[in-house]
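The values are calculated or read from the model by the stated rules, or taken from the named source; none is laboratory data. Since we're looking at a predicted model, the values are computed, not measured. Cβ coordinates were reconstructed from backbone atoms using ideal geometry, including for glycine residues, and neighbour counts include every protein chain displayed. Quick note on the areas: whole protein, heavy atoms, side chains included, nothing else; ligands and nucleic acids left out. Shrake-Rupley method; radii C 1.70, N 1.55, O 1.52, S 1.80 Å.
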Amino acid sequence: MKLIVVMVSMIGLQSALLPVQAQTAAPAGSTAGAFQADSVFFRKMADNVLSSPAAYENLRVLCKTVGPRLAGSPGMYKSEAWGEKAMKEAGSDKVWLQECMVPHWERGGTDEAWYSYKDEKGKTQKIKLDVLALGNSMGTGSSGVTKKAVLVNDFDDLEAKKDQVKDAIVIFNNHFNPRNLSVGQSYGESGSYRRSGPSRAAKYGAAAIMIRSVTAAQDNHPHTGATSYDTAYPKIPAAAIGLKDADKLISLLKSGAQVSLYYKSNAKFYPDAKGHNVIGELTGTEFPEKIITVGGHLDSWDPAEGAHDDGTGCVQSIEVLRALKAMGYKPRHTIRAVLFANEENGLRGGNKYAQEAKAKNEQHVFALESDAGGFTPRGFGFTLDKQKLENIRQWLPLFVPYGVYQFSNGGGGADIGPLNRLMGTPVAGLSPDGSRYFDLHHAPNDVFENVNKRELDMGALNMALLIYMIDKYGL
């Protein structure tokens, strides 16, 4: 029986891997002849993108010559200049900067933390922690704070210990659940402690909080990321701890040891700064007033190069324009690539893009975002009318040879979300294999060397193919 199952599975796999030309069903909106022509175009597009050094080289330059580019930082301005140049070199018909005011938060140097306790012999031990202040968090001041540490396992436990956390540093034991099949689900669950943990602890008088980094990685790199404050409570300092250091501290607290913890951060906000979305476009030949957007966010957290988050999405979006131009393709609609400002700690770029589009009565027919890393593409997630999704699912046989096998219901991206909310624009997000994404996300090891050229190019290719199909057939 097992052998039969394996044989059936292999037959199914072989069928899925057959050349598109051998699959006879024509997608929605096309005839059999058009389907054949699309299959040939897909192959030529693949030859172009997979043979080109452009996307990978663009990413190398962004990571190695610009580096970290948090909103308001010098790196932000360098990255805007890089983006403008890359858009022009890709062959855009038009390139411009769209101004928006962005928040300006700075870490203010190296974050420091250590804890002390008495061992079984009564000797005081002092242990250094590898930490990063959470984005948008308040600093401690130059003297730092020294408080008792109180372990809290979850928000229910916080309620149970509300009388113990006053004037203490709360250590949240927020685990990244390995049993979830979707790493995004685990990120959402564990990340809730990063986002709202400071205010929920401040409600009961906590002096500061620290969380286990929001990752399943097996290393000790701390992962930053934005936190937010409830204005009803004091704004207290907040940091993430590298997992190995966090687990040692948590184990000690579980044993009942009395732990004193020191934390220093010079983080602070400055007045808003002038930033920009970087926009390049290929002007439509038939419907120039109708716009298809593809993009990623240009900003990144300060500890690393922002390679996967979201340098890959930026260079993939530029590659869509470059490849279509290089193929001599004349788009029916205007196709824009947008490098959005300030996704990480404010979303000002995405909001500005949508607000200006609405104010100008622009017609945005579709938007696609890549902000899940430059790993092997598996599918796209769509937020649009159910019948339209069923229609475009008939295109899947064209995509299967290129690694994409699923068009799922639900998806998009933070930067294009405002287009959907303000204007009802259908949106989608590239869905790569996310297994390794949160090992790097918002951490010092999110660097160029951890991006694979083939995986990056396959993502860019599938984005270009989807944009081509939507430009040709609509939704």
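Output wanted: per-residue J couplings in Hz (rounded whole) for segment 300-310, from phi through Karplus 6.51 cos²θ - 1.76 cosθ + 1.60, θ = phi - 60°, x for Gly and Pro.
Using θ = phi - 60°, the values come out as 8, 5, 6, x, 9, 8, x, 5, 6, 10, 9 Hz.
From the protein chains alone at 1.4 Å, what is the descending order of accessible area for His308, His104, largest first?
The ordering from most to least exposed comes out as His104, His308.
Enter the accessible area per residue of the chain (Å², integer; probe 1.4 Å; all protein chains in place).
With all protein chains present, the chain gives 41 Å² per residue.
Measure off 7 Å from each Cα along the Cα-to-Cβ vector at Met423 and Asp247, then give the distance between these two points in nanometres to one decimal.
Here the modelled spin labels are 4.7 nm apart.
Test of the criteria: in segment 348-442, which trypsin sites (Lys or Arg not before Pro) are in a DSSP loop and have at most 10 other Cβ atoms within 10 angstrom of their Cβ?
Within segment 348-442, the qualifying trypsin sites (Lys or Arg not before Pro) (loop, at most 10 other Cβ atoms within 10 Å) are Lys360.
Which order, highest average first, do 191-203, 79-91 follow once you tally other Cβ atoms within 10 Å for each residue and take the mean per peptide?
191-203, 79-91
Round to the nearest 0.05 the FRET efficiency obtained for Lys88 and Ser143 when R0 = 41 Å and r is the Cβ-Cβ distance.
0.25
Using only Cα atoms, tell me the angle between helix 312-326 and the longest principal axis of the chain; keep it within 0 to 90° and round to the nearest 10.
Around 10 degrees separate the two axes.
Output the relative contact order of the chain, whole-number percent, from Cα pairs under 8 angstrom with separation of 6+ residues.
21
Taking 0.36 nm per residue of sequence separation and subtracting the Cα-Cα distance, how much length would be gained by fully extending the chain between Asn220 and Lys330, in nm to one decimal?
34.7 nm
By per-residue mean of other Cβ atoms within 10 Å, what is the highest-first order of 115-126, 447-458, 272-283?
272-283, 447-458, 115-126
Identify which of the listed values of percent of Cα pairs over 41 Å apart was calculated from the structure shown: [x] 28; [y] 15; [z] 25.
[z]
Would you mind checking the tilt of helix 2-17 against the longest principal axis of the Cα atoms of the chain, expressed as 0 to 90 degrees and rounded to 10?
Value to nearest ten degrees: 60.
Report the label-to-label distance for Ala81 and Glu159 in nanometres (one decimal), using points 7 Å from each Cα along the Cα→Cβ vector.
Between Ala81 and Glu159, the simple spin-label model gives 5.4 nm.
For Lys123 and Thr231 in one chain, what is 0.36 nm times their gap in residues minus the Cα-Cα distance, to one decimal in nm?
Taking 0.36 nm per residue and subtracting the Cα distance, the gain is 34.6 nm.
With a 1.4 Å probe and every protein chain left in place, tell me how much accessible area Tyr263 has, in Å² to the nearest 10.
Approximately 0 Å² of Tyr263 is accessible to the 1.4 Å probe.
With labels modelled as points extended 7 Å from the Cα through the Cβ direction, what inter-label distance (nm, one decimal) is found for Gln98 paired with Arg454?
The answer from the label model is 3.7 nm.
Run the dipole for the chain about the Cα centre, Lys and Arg Cβ at +1, Asp and Glu Cβ at -1, nothing else charged, and hand back the magnitude in debye, nearest 20.
560
What FRET efficiency would be calculated for the residue pair Arg195, Lys274, taking the C-beta separation as r and a Förster radius of 25 Å, to the nearest 0.05?
Plugging the Cβ-Cβ distance into 1/(1 + (r/R0)^6) gives 0.40.
Give me the extension gain from Asn177 to Thr110: residue separation times 0.36 nm, minus the current Cα-Cα distance, reported in nm with one decimal.
21.2 nm
At 222 nm, what value in deg cm²/dmol follows for the chain if DSSP H runs of at least 4 each add -39500 (n - 2.57) and the sum is divided by all its residues, to the nearest 500?
Taking each H run of at least 4 residues, the total per residue is -11000 deg cm²/dmol.
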